[in-house]
Amino acid sequence: MRWSALLLCLGVLGLTACTDPEDARYVREETGRLSVDRPAAWATPIEVQEPWTAGFQQGPDSVEQIQLSGLLGEYATASEAASTLIGQAQLAPGLDGFEVVEIREVSIEGATTGQLTRFTVDSPDGGQVSGTWVVAARYPYPQAVAVSILTPVHDPELERRVLESMELHPEQ
């Protein structure tokens, strides 16, 4: 009987030691052809406009937010889709001070091309907010998905998690 209790305790302790606390900080979101992890604490839904299909933030007045596009459009490459986002941002009335900081190619599961664009915009309090777009596209059946992140300062850990978890589930 003591051995059974000991084995049970060791089993429970072993399971606890093997769980990844980082996983509890994120939840899986799926919308359209996109699946990606988002911070679990960013659970307040926000209204989004096309091409975004879902969005979440930390709280009603927080800067931190993530928006998802389950179908950004019929783009053959991620750079083509990201260029469209950049062009729209440069013309958008609410994105004063928009400035691209970095553009680089990335690998996204299910995509033939991927691109990450980091940028800054002016915040209403006079400072700057850091933004990141991760776009994935698939060819020869043009389709693209995207994730948009806003944080007070660039968050490399969140960027890494999005890149590692993001998947394009292509049609055809």
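The values are calculated or read from the model by the stated rules, or taken from the named source; none is laboratory data. Keep in mind that this is a model prediction, so the values were computed, not measured. All Cβ positions, glycine included, derive from the backbone under ideal geometry; neighbour counts span all protein chains shown. Ligands, DNA and RNA are excluded from the accessible area calculation, which covers all protein heavy atoms including side chains. Shrake-Rupley method; radii C 1.70, N 1.55, O 1.52, S 1.80 Å.
General observations
- Qualifying residues in region 74-101 (those that are over 25 Å from W42 (Cβ atoms) and either assigned to a strand (DSSP E or B) or out of contact with any strand residue (DSSP E or B) (no Cβ under 8 Å at 6 or more places or on another chain) (or both)) - the one least open to solvent (accessible area, probe 1.4 Å): G87
- Test result for E109, touching an Asp or Glu at 6+ places or on another chain (Cβ under 7 Å), touching a residue at least 40 places away in the same chain (Cβ under 8 Å) and open to solvent by 60 Å² or more (accessible area, probe 1.4 Å): yes
- Screening V63 against (1) within 17 Å of T151 (Cα to Cα); (2) touching a Pro at 6+ places or on another chain (Cβ under 9 Å); (3) in contact (Cβ under 8 Å) with a residue 60 or more places away in the chain; (4) surrounded by 19 or more Cβ atoms within 10 Å (Cβ to Cβ) leaves a single unmet condition, (4).
- There is no residue in region 113-130 that is in a loop (DSSP other than H, G, I, E, B), closer than 20 Å to P51 by Cβ, without any contact (Cβ under 8 Å) to a residue 24 or more places away in the chain and of a type outside the set (D, E).
- Put simply, of R118, R104, R33, R38 the only residue that is under 22 Å from R161 (Cβ atoms), touching a strand residue (DSSP E or B) at 6+ places or on another chain (Cβ under 8 Å) and surrounded by fewer than 16 Cβ atoms within 10 Å (Cβ to Cβ) is R104.
- There is at least one residue in region 160-168 that is more than 10 Å from the chain's Cα centre (by Cα) and open to solvent by less than 80 Å² (accessible area, probe 1.4 Å).
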